[in-house]
Amino acid sequence: MWIQPEEVLLAGALWVSERANPFFILQRRRGHGRGGGLSGPWTSLLVGTLDVVLDSSARVAPYRILLQTSDSQIYWNVACGSSRKEITEHWDWLESNLLQTISIFDNDEDVTTFVKGKISGIIAEENRLKQGEEPEEDCGKFREAELKMRRLFGMPDEEKLVNYYSCSYWKGRVPRQGWLYLSVNHLCFYSFLLGKEVTLVVQWTEVTQLEKNATLVFPESVRVSTRHTEHFFSMFLNINDTFKLMEQLANIAMRQLLDNEAFAADRSLPKPSKTLKNVSLDLDARAKNERYRAMFRLMQDERLDGHTDCTLWTPFAKMHVVGQLFISNNYICFNSREEDLCQLIIPLREVSIVEKADSSSVLPCPVSISTKNKMNFLFANLKDRDFLVQRISDFLPLSLIGQSVRHFCQIYFNVIYSLRSEFYCHNVAECSRLFLLVCPQASSSGPEAIRGRQYHPGLPTASQGLLQLYYRDTPEDLGPKAMKEKMKEEAWNIHFSEFGRGVCMYRTSRTRELVLNGIPERLRGELWLLFSGAQNEMVTHPGYYGDLLEQAMGQCSLATEEIERDLHRSMPEHRAFQNEMGIAALRRVLTAYAHRNPGIGYCQAMNIVTSVLLLYCTEEEAFWLLVALCERMLPDYYNTRVVGALVDQGVFEELTRAFLPLLYEHMQDLGVISTISLSWFLTLFLSVMPFDSAVLLVDCFFYEGIKVIFQVALAVLHDNMDALLSCSDEGEAMTILGRYLDNVVNRQTVAPPIPHLHALLTSGDDPPQEIDIFQLIKSSYEQKFGSLRSDVIEQMRFKQRLKVIQSLEDTAKRSVVRAMMTESAFSIEELEELYCLFKSKHMTSCYWGSSSSAAERHDPSLPYLEQYRIDPAQFIQLFTALAPWVCGGHTPTLSARLFRLLDQNQDRLVNFKEFITGLSGMYHGDMMEKLKLLYKLHLPPGIPPPPFEQFIELCKTLYNMFSEEPQEQQLYHAIATVASLLLRIGEVGKKFNNGSKKMETAAAQAPPLDPQREGGSGEAQVCQALADAQLEPGTPQTSDEEAKDDTSVSSYSVVSSGSLQCEDIADDTVLIGGEQRRGSVLDVDWSITFEQVLASLLTEPPLVDYFERKVNIQDKMVACKTQRAVERQISSASDHEDTQPSV
């Protein structure tokens, strides 16, 4: 590119002149391209090393053009380029447009002035043309870095670079300075120092641990651990930003191992084009969105539009609170800078007025927001008030339209059910017609349809919680406990009057104090909905639960069977679930959620939690609370592998080690922590603690999140530390903790006592002292473990998630290997390596695109043997790399036939079990099994194809198999002899079967056979047969039509089972044909049997030796694993002068 002319004092230092004329010199930097100049290779080596080590801002382009004059010792650099092509274009332009003009100048100073002015003018014109566009300098460097990454590491265009950093990679105790490239799916590093090249590629899906640490050996560094090794990177300009990005990318990879959504998320990432690091910016936006949604318990589709510093006037405290204002498409939120001081959520559906208030020195740039329930919020100290008001105004109409439709829907459904008069029935058609114009999705919701629905307003559980239904006729209790409950209700009413009620309520430290003291039973359902964010989701989806239930009820699946099995195990001690009303409500809620989220479906422990929700909430409210619980507050807890619970179990162990180190060491020896914590977290203590006590923990959980569960769990261990340290086995420790939790009581409850089954089973003659639940919560929350923060837990969760998911992957691999040990002859080590290669191919095809979607190839709900599947393209690649039968250009055809043979369900996907079944037959079968497999690969479909077609294809396969063998000529001679013999056998069989009359008819229709061909050698006969089919032996295909003919002759499985041992080839199974192609003889009865093929091959010792020879797959696997490394080495060793971009 053209650059502003700058002085160069030493034109020859580190540069080699390649072209020159009286005014200009084109130079190449040493160490780039071919040759190192007169000073030899050492100078080139040094310069190449410097260019890799130096930061991008200090690096020099490998080519440049200098302006020189005869009377001056000063040169002027006027152009530079990253490739020979680019610099040559500039050189040609100078010679064509300037050289003749400046040659007429009288003095050199005029030449220099003219050229400098001309170059400056060109640059100015280029900048003028780019006005209105984003500056390209940074994004140009980023695109060059992306191209360099793909070239160095052999990555396809689909791999998206996120960012790149200059850093050191510690190989042993020696740091290698180079460049770290972070892409969506890989971590890559490249260094070139003093002739030594270091190339590293790590898939994010292989990372087991990611840590930022500092030691004496390794200064502040990032440690990336995989199953087999550790990598250390240091000397980052900003290590915190780098580590944060690594965490995000590793998280995406872990999601890819769990489900298919992450693959879709990968493909939704923008491709860097004009904007610098679009992918990095998008990942940063995602992280901000996740933090925003978690902070305010918002729905998964909520997108943060922006945030700004401001102050909020708090009328209850008569003061301005400093914090941040967040704006998204449906909410305005505020969070104070001081923790727990004030938090506010304002749904835009509740906003009635947004206006700019009068500004003053005391209240600069204020904005007033009024809601429909007469609350007013005043924000001030806004940096860009006009823009903020405009953004809120842009979002308001969309929210109001949606709100109007939802409000109309709710009114319509209520009126339809409540009004059943003749007047209503007379006008229902017109009402329905008007309604459907606004809400067409309710076309099937007439009055009769509503009365026949599974869920409708007439159900008792549609308007009340089960506790209200069962205790509504109970006489009012005027005892001290009841009076205390009323005092709690009054305290909350006072709080509502001061801080507001509903979703727009100010949430302060006072709110937390009230929650810790226990939520009154009458308000429990309302406040659970509010604090969990479920209320927002329920309001924005009216009728969703009922419609979902209609779709789900009556369907039979594994989830519904498990639900039916567990219905009567859900709080059987509570009278609400000792009759059909409570059981039916629980069934409906669980079934609806299983239908909403098939990825989770149903998991044990969901029934216990849902039954508690139904006690205090209506069915619809319980459903949305379950949604908030499973999808936001306890992510991945209730999937098939309870990953979230296992992650938090690991976090709990780490917290125990940090807060209770002595107890941790002792309990690790006993193996207790992992046993006890799973049930505590999965059921929120509901299954191990008396109900009246555990429900108070649920109150705190919906307000504080998972942090309070960790705090209480640590407090339980702390209170039992002395007893646990004296335990000698796991059973004794479990008994101590079980009896402690059984005696955690709630002395303030007003409900009748509910017997705790676990307590009945673990009670002894000398029960321990009762523990007050309020004291336990207060001590754990405020005294012992109050320093625990939610952000620390999230960081620990990430660390544990890597371990847990990779541990589950290892478990899956071991299960697969154990299952395949009985079905293949491969060793354990070979099966493990093959599984890793198969899985790697599957994952690579998922995130680099394929003919089938990731959802079709990866189904985590399937058994481990069937989870990972590959399509024909990936199968051909693996077959080519691993199969013992190397057939040259014929290999894709053979692998396509084997794929169709293995793909018995015709879904064009092959799982690991099927893949190993085919591969094992080729490696470990005896001679007869291998020949049977080859024979089956050439069996015809149901309709007879042309004559000799399968036989000729079999011959061609055998010819190509021998092309790289040491005894190639002997094998060719042997197969030609066998083929000739089989041709004669087929002809004899045809004559024998048809009789003389058919032979005369065939002779009249076909040209006579050549006598010389009958008596010629076997080689001549098979060559003639192959020539008739236009398949010369040893000659690769050269046309697409021939390739089409090849692949069209597919192998069709005639077996009914998955085994390839081929015992099912009957004696009368034959290779047959119909019509010979390209004018050959019509042979409808020509055929050969497998026994004839086998007998013919047994007459040739070279063929027998070949098929009886044992082949080792280890070399193939090593070559397959190193194939990409070899490609990278070839790429990095190629000529730099055409493709070397400067980063």
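The values are calculated or read from the model by the stated rules, or taken from the named source; none is laboratory data. Not measured: the values here are computed from a predicted model. Virtual Cβ from ideal backbone geometry, glycine too; neighbours counted across all protein chains shown. Only protein heavy atoms, including side chains, enter the accessible area calculation; ligands, DNA and RNA are left aside. Shrake-Rupley method; radii C 1.70, N 1.55, O 1.52, S 1.80 Å.
Suppose we keep only residues that are open to solvent by less than 20 Å² (accessible area, probe 1.4 Å) and out of contact with any helix residue (DSSP H, G or I) (no Cβ under 8 Å at 6 or more places or on another chain) within segment 371-387. Which one would you say is nearest to Ile346 (Cα to Cα)? My answer is Phe377. Among residues of segment 817-840 that are closer than 20 Å to Arg227 by Cα, those with a beta-carbon under 7 Å from a residue that is hydroxyl-bearing (Ser, Thr, Tyr) and assigned to a helix (DSSP H, G or I) at least six positions away or on a different chain give the pairs Val817/Tyr835. Within segment 73-106, track down each residue that is part of a strand (DSSP E or B) and of a type outside the set (Phe, Trp, Tyr). Asn77, Val78, Ala79, Cys80, Gly81, listed by residue number. Could you tell me how many of the residues in segment 168-196 are modelled with pLDDT under 90, in a strand (DSSP E or B) and of a type in the set (A, V, I, L, M, F, W, C)? Within segment 168-196, residues that are modelled with pLDDT under 90, in a strand (DSSP E or B) and of a type in the set (A, V, I, L, M, F, W, C) number 4.
Per-residue answers, yes or no, for (1) farther than 30 Å from Asp340 by Cβ; (2) touching a helix residue (DSSP H, G or I) at 6+ places or on another chain (Cβ under 7 Å); (3) part of a loop (DSSP other than H, G, I, E, B):
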site	(1), (2), (3)
Trp528	no, yes, no
Glu537	no, yes, no
Pro542	yes, yes, yes
Tyr545	yes, yes, no
Leu548	yes, yes, no
Gln551	yes, yes, no
Cys556	yes, no, yes
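Quick check on Ser861: is it modelled with pLDDT under 85 and either farther than 23 Å from Leu933 by Cβ or assigned to a helix (DSSP H, G or I) (or both)? For Ser861, the condition - modelled with pLDDT under 85 and either farther than 23 Å from Leu933 by Cβ or assigned to a helix (DSSP H, G or I) (or both) - is met. Among the residues of segment 89-126, those that are surrounded by 15 or more Cβ atoms within 10 Å (Cβ to Cβ) and over 18 Å from Gln4 (Cα atoms) comprise Ile102, Phe105, Asp108. Selection over segment 170-195 of residues that are of a type in the set (Ser, Thr, Tyr) and farther than 24 Å from Ile252 by Cα gives a count of 1.
Listed here are the helices (runs of 4 or more DSSP H) enclosed by segment 915-1021 that have at least 2 residues being modelled with pLDDT of 60 or more and either open to solvent by 30 Å² or more (accessible area, probe 1.4 Å) or under 18 Å from Val1093 (Cβ atoms) (or both): 927-936, 949-961, 968-1005. Annotation note: of Glu526, Glu580, the sole residue that is open to solvent by 70 Å² or more (accessible area, probe 1.4 Å), under 22 Å from Tyr470 (Cβ atoms) and not small (Gly, Ala, Ser) is Glu580. Condition check for Lys318 on (1) crowded, with 16+ Cβ neighbours inside 10 Å; (2) farther than 26 Å from Leu625 by Cα; (3) among the charged types (D, E, K, R): one failure, at (1).
Restricting segment 194-212 to residues that are charged (D, E, K, R) and farther than 28 Å from Phe798 by Cα leaves a set whose member that is surrounded by the most Cβ atoms within 10 Å (Cβ to Cβ) is Glu197. Taking segment 294-314 as the range and being in a loop (DSSP other than H, G, I, E, B), open to solvent by less than 60 Å² (accessible area, probe 1.4 Å) and touching a residue at least 40 places away in the same chain (Cβ under 8 Å) as the test, the residues that pass are Arg297, Leu298, Met299.
Within segment 521-547, being among the hydrophobic types (A, V, I, L, M, F, W, C) and farther than 13 Å from Val627 by Cα holds for Leu523, Leu527, Leu530, Phe531, Val539. Only residues that are β-branched (Val, Ile, Thr) and open to solvent by 10 Å² or more (accessible area, probe 1.4 Å) were counted in segment 609-646, giving 3. If you go through segment 886-898 and keep only what is open to solvent by less than 10 Å² (accessible area, probe 1.4 Å) and either under 20 Å from Glu1108 (Cα atoms) or of a type in the set (A, V, I, L, M, F, W, C) (or both), you end up with Cys887, Leu894, Leu898. Tell me, yes or no, whether segment 783-793 has at least one residue that is surrounded by 13 or more Cβ atoms within 10 Å (Cβ to Cβ), more than 30 Å from Asn720 (Cα to Cα) and not acidic (Asp, Glu). The answer is no; no qualifying residue exists. Of the residues Ser687, Ser674, the single one that is open to solvent by 20 Å² or more (accessible area, probe 1.4 Å), touching a residue at least 60 places away in the same chain (Cβ under 8 Å) and of a type in the set (Ser, Thr, Tyr) is Ser687.
Considering the conditions (1) loosely packed, with under 15 Cβ neighbours inside 10 Å; (2) assigned to a strand (DSSP E or B); (3) not basic (Lys, Arg), Tyr165 is excluded by exactly one of them, (1). Do you know which residues across segment 343-370 are out of contact with any strand residue (DSSP E or B) (no Cβ under 7 Å at 6 or more places or on another chain) and exposed (fewer than 12 other Cβ atoms within 10 Å of the Cβ)? Asp358, Ser360, Ser361, Val362 - these are the residues of segment 343-370 that are out of contact with any strand residue (DSSP E or B) (no Cβ under 7 Å at 6 or more places or on another chain) and exposed (fewer than 12 other Cβ atoms within 10 Å of the Cβ). Residues in segment 197-220 that are assigned to a strand (DSSP E or B) and not basic (Lys, Arg): Glu197, Val198, Thr199, Leu200, Val201, Val202, Gln203, Gln209, Leu210, Glu211, Asn213.
On the stretch given as segment 781-832, residues that are among the hydroxyl-bearing types (Ser, Thr, Tyr) and not in a loop (DSSP other than H, G, I, E, B) total 5.
The condition of being of a type in the set (D, E, K, R), closer than 25 Å to Arg30 by Cβ and free of Cβ contacts under 8 Å to residues at least 12 places away in the same chain does not hold for Asp110. Taken as a whole, the structure places Arg349 among residues that are within 20 Å of Gln535 (Cβ to Cβ), among the charged types (D, E, K, R) and not in a loop (DSSP other than H, G, I, E, B).
For Glu654, the requirement of being open to solvent by less than 40 Å² (accessible area, probe 1.4 Å), part of a helix (DSSP H, G or I), modelled with pLDDT of 90 or more and out of contact with any strand residue (DSSP E or B) (no Cβ under 9 Å at 6 or more places or on another chain) is met.
Within segment 740-778, being assigned to a loop (DSSP other than H, G, I, E, B), modelled with pLDDT under 60 and among the polar types (S, T, N, Q) holds for one residue alone: Ser763.
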